[in-house]
Structures are given as structure tokens and as C-alpha cells.
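Please read the structure below before turning to the comments.
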Amino acid sequence: MMADTNETLSSSQRPEKVIVIPDDILKLSDAQLRQQLVEKGAMVGPITAESRTLHQQYLFQLQNSPMTDKEVPGVGIYPKALRACLLEHPQKDWSSSEKQMISDFQEVKESRQYRQGTRKCCFNYILLDPRIIDNLMDHAEKSTQIEVFRLFVRSVFYIGKGKQSRPYAHLHDAAVLKKSSPKLDKIRDIWNSGRGVVSLHVFNNILAEEAYTREALMIDSIGVKNVTNEKGGEYYGVCKKWDSTEKHGVGVKLLFKSFLTLLNEGMPELHKRDINK
């Protein structure tokens, strides 16, 4: 999975043991080293004198340790693009497609009608089960970034579009309504275990149509059967013309960006007692 270029190779990605780096990797320029890492689907930040050796070791690992579904239990349930990311297989960089999508929504066109208007007041949110991704920062220090991302993906149980307090409506319903649904039952199960739901807000201050589209991209990339959403999302703008490969590729990129937001912001939990009835 490609990350933004301002991201650095974290300490959690450092090899666990000393690796003898072959000459063909040692002779690579910084640009060549970056390109080969990108082709392997690695997350690459600035290559400096201090980080060059780590990047060389990481490339050697990727070249010699391809992962399979059998080596990472549970990965096989996800669509192809996300599965490849979780296994660190080579992938295409979908940055240009993502930029195309953003550009399409950036400038409001007076000649068309927009669902829910043209105010940029929406965002996306992801509901997470903290029992799966418990002790997040501890995992981030002791595991590779992709290992922690696997936990993040497993912890996702709902992806939505909202504004204002929309994410909390799900928690309110779980607290006061008697009806049962996969989403509400999941929330109650988390509460009954003594934990709280993590509500991660991402991609703020966007048009409703862009939020709906990002929601659809992430749901399709993770697989609607793997979350409690009742159905997939709806696409708007240029994304409506994309094939499933492009949609899934960009969707995985959005999931990874959401994961990075969680790493930066932490994971406060919302318990039943926190919900105003």
C-alpha cells in the first residue's frame, strides 16, 4: 500500500534481526531504491542518510519473504486489492485516481444538482471494535506497520457518511431501541464486554456526494459482507465510471489513510454511559 511521501519508515517497520544486504541493493540510488519499494507496494517516506539502511533491509525482506493467505489467517476473506495490501504484494499506486476524484468534487459546478447541496460540511466515519486493536500504540511500537494495519482492518465493523453528530445516532439507537441488527448487536456486544466503541472521523469538510463516494469506495474495498453495513455505498462524479479494480485500489488507499489518522489521534472509546438518552 502506497503511503504519502511525507511518511517515514517507522521504527515498527525495522527488521527484527541484522540482514546482510546484497550488492545489487546497496548499489541502488535513493531514487532507484524508492522505486523498487513502491513497486513492491511498500510505504515509502523520505530516504535519508539515517534511514537508507533501513529501507535497503526492508526491500530485501520484501524480495525474499512473499506472504501468502495461509501465513496470515483471515486475510483471504477480503477483496483482491485489500488482500494484496495486507500480504504486502506489489500493487499499483492509485494516487492519480484519488487526485482525480478530489479534483472532481473540489469545484462546485453550477450547471448540476448535488445531493444534499453544496455545503462542505460532511465527513466519513469508521466504527471500530477496540478489543481487536487493543493497546494500539503498543502494537505500533512492537509490530510492523502492515501488521497493525491488519488489526485495524479486522476491527472495522461499520463505515458511514455523516455530518454533525450522525455517528452517535448508531450508538443512541443501540442504547435505547429494542430492535436487533448486526450493527446494533455489535455495539451492544462491545459495551457488554466492558469496552466502548471507537468512532474514527476522517476526510472532514467535504461535499455530501464526496462523502458518499468515499464511503462506497471503502465499503467495496473491504467487502460489504465483512462489515455490518446493510448495503454498499453510492458513487458520484468521475468514480461512477471506474471499474471495480480502480474503485478497490482507491478504497484501500482511503482505508490506509484512515488507519494513519487513528495512529495519530489515538482511540478514545464511547461507552453506553457516554450516550445521552
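In region 117-134, what residues are open to solvent by 60 Å² or more (accessible area, probe 1.4 Å) and over 16 Å from Asn204 (Cα atoms)? Spell out the reasoning first.
Taking region 117-134 first, the residues open to solvent by 60 Å² or more (accessible area, probe 1.4 Å) are 118-120, 131.
Within region 117-134, Arg131 is the sole residue that qualifies.
Condition first: at pLDDT below 90 and not in a loop (DSSP other than H, G, I, E, B). Now tell me which residues in region 63-83 satisfy that.
Restricting attention to region 63-83, the residues satisfying the condition of being at pLDDT below 90 are 63-77.
Selection gives Gln63, Asn64, Asp69, Lys70, Glu71, Val75, Gly76, Ile77.
Out of everything in region 210-221 that is surrounded by 23 or more Cβ atoms within 10 Å (Cβ to Cβ) and acidic (Asp, Glu), what residue ends up being nearest to the chain's Cα centre (by Cα)?
Ranking the qualifying residues of region 210-221, first place goes to Glu215.
Would you mind stating whether Asn205 is surrounded by fewer than 23 Cβ atoms within 10 Å (Cβ to Cβ) and touching a strand residue (DSSP E or B) at 6+ places or on another chain (Cβ under 9 Å)?
Working: surrounded by fewer than 23 Cβ atoms within 10 Å (Cβ to Cβ): yes; touching a strand residue (DSSP E or B) at 6+ places or on another chain (Cβ under 9 Å): yes.
Taking the combined requirement at face value, the residue satisfies it.
Do you know which residues across region 116-147 are touching a helix residue (DSSP H, G or I) at 6+ places or on another chain (Cβ under 9 Å) and at positive phi?
Gln116, Gly117, listed by residue number.
Among the residues of region 134-147, write down those that are among the aliphatic types (A, V, I, L, M) and closer than 14 Å to Leu82 by Cα.
Ile146
Quickly run through region 132-163 and pick out the residues that are hydrophobic (A, V, I, L, M, F, W, C), outside any loop (DSSP other than H, G, I, E, B) and touching a residue at least 60 places away in the same chain (Cβ under 8 Å).
Hits for region 132-163 are Leu136, Met137, Ala140, Ile146, Val148, Phe149, Phe152, Val153, Val156, Phe157, Ile159.
Could you list all residues from region 135-174 that are of a type in the set (S, T, N, Q), more than 15 Å from Thr261 (Cβ to Cβ) and open to solvent by less than 50 Å² (accessible area, probe 1.4 Å)?
Answer for region 135-174, where residues must be of a type in the set (S, T, N, Q), more than 15 Å from Thr261 (Cβ to Cβ) and open to solvent by less than 50 Å² (accessible area, probe 1.4 Å): Ser143, Thr144.
With the condition kept exactly as written, say whether any residue in region 183-196 is β-branched (Val, Ile, Thr) and open to solvent by less than 50 Å² (accessible area, probe 1.4 Å).
yes
Quick one: count up the residues across region 151-209 that are within 30 Å of Gly117 (Cα to Cα) and among the β-branched types (Val, Ile, Thr). So that I can check it myself, show each step before the final result.
As a first pass, look at region 151-209 and keep what is within 30 Å of Gly117 (Cα to Cα): 156-174, 183-184, 198-209.
If we keep only those that are among the β-branched types (Val, Ile, Thr) too, we end up with 156, 159, 198, 202, 206.
Summing the residues that are within 30 Å of Gly117 (Cα to Cα) and among the β-branched types (Val, Ile, Thr) in region 151-209 gives 5.
Is it the case that Asn264 is free of Cβ contacts under 8 Å to residues at least 12 places away in the same chain, open to solvent by 20 Å² or more (accessible area, probe 1.4 Å) and either out of contact with any Ser or Thr (no Cβ under 6 Å at 6 or more places or on another chain) or not in a helix (DSSP H, G or I) (or both)? Explain how you work it out, then say what you get.
Details: free of Cβ contacts under 8 Å to residues at least 12 places away in the same chain: yes; open to solvent by 20 Å² or more (accessible area, probe 1.4 Å): yes; either out of contact with any Ser or Thr (no Cβ under 6 Å at 6 or more places or on another chain) or not in a helix (DSSP H, G or I) (or both): yes.
Judged against the criteria, Asn264 is a match.
Go through region 131-145 and report how many residues are touching a Ser or Thr at 6+ places or on another chain (Cβ under 7 Å) and under 19 Å from Trp191 (Cα atoms).
The qualifying residues number 3.
Keeping to region 209-239, report how many residues are acidic (Asp, Glu) and under 16 Å from Leu255 (Cα atoms). Before you say what the answer is, go through the steps one by one.
Of region 209-239, the ones acidic (Asp, Glu) are 209-210, 215, 220, 230, 234.
This time we only want the ones that are under 16 Å from Leu255 (Cα atoms), so: 210, 215, 220.
Final tally of qualifying residues: 3.
Might you check whether a residue that is within 26 Å of Lys109 (Cβ to Cβ) and either polar (S, T, N, Q) or free of Cβ contacts under 8 Å to residues at least 24 places away in the same chain (or both) occurs anywhere in region 196-212?
Step one: of region 196-212, the residues within 26 Å of Lys109 (Cβ to Cβ) are 202-212.
Within this subset, residues satisfying the condition of being either polar (S, T, N, Q) or free of Cβ contacts under 8 Å to residues at least 24 places away in the same chain (or both) are 204-205.
Yes, the conditions are met somewhere in region 196-212.
Among the numbered criteria (1) outside any loop (DSSP other than H, G, I, E, B); (2) more than 21 Å from the chain's Cα centre (by Cα); (3) over 12 Å from Pro130 (Cβ atoms), which single criterion is violated by Val202?
In the conditions (1) outside any loop (DSSP other than H, G, I, E, B); (2) more than 21 Å from the chain's Cα centre (by Cα); (3) over 12 Å from Pro130 (Cβ atoms), Val202 misses (2) alone.
The values are calculated or read from the model by the stated rules, or taken from the named source; none is laboratory data. Remember, predicted model here, so these are calculated numbers, not experimental data. Quick reminder, even Gly has a Cβ in these numbers, built from the backbone with ideal geometry, and neighbours come from all protein chains shown. All accessible areas refer to the heavy atoms of the entire protein, side chains included, with ligands and DNA or RNA removed. Shrake-Rupley method; radii C 1.70, N 1.55, O 1.52, S 1.80 Å.
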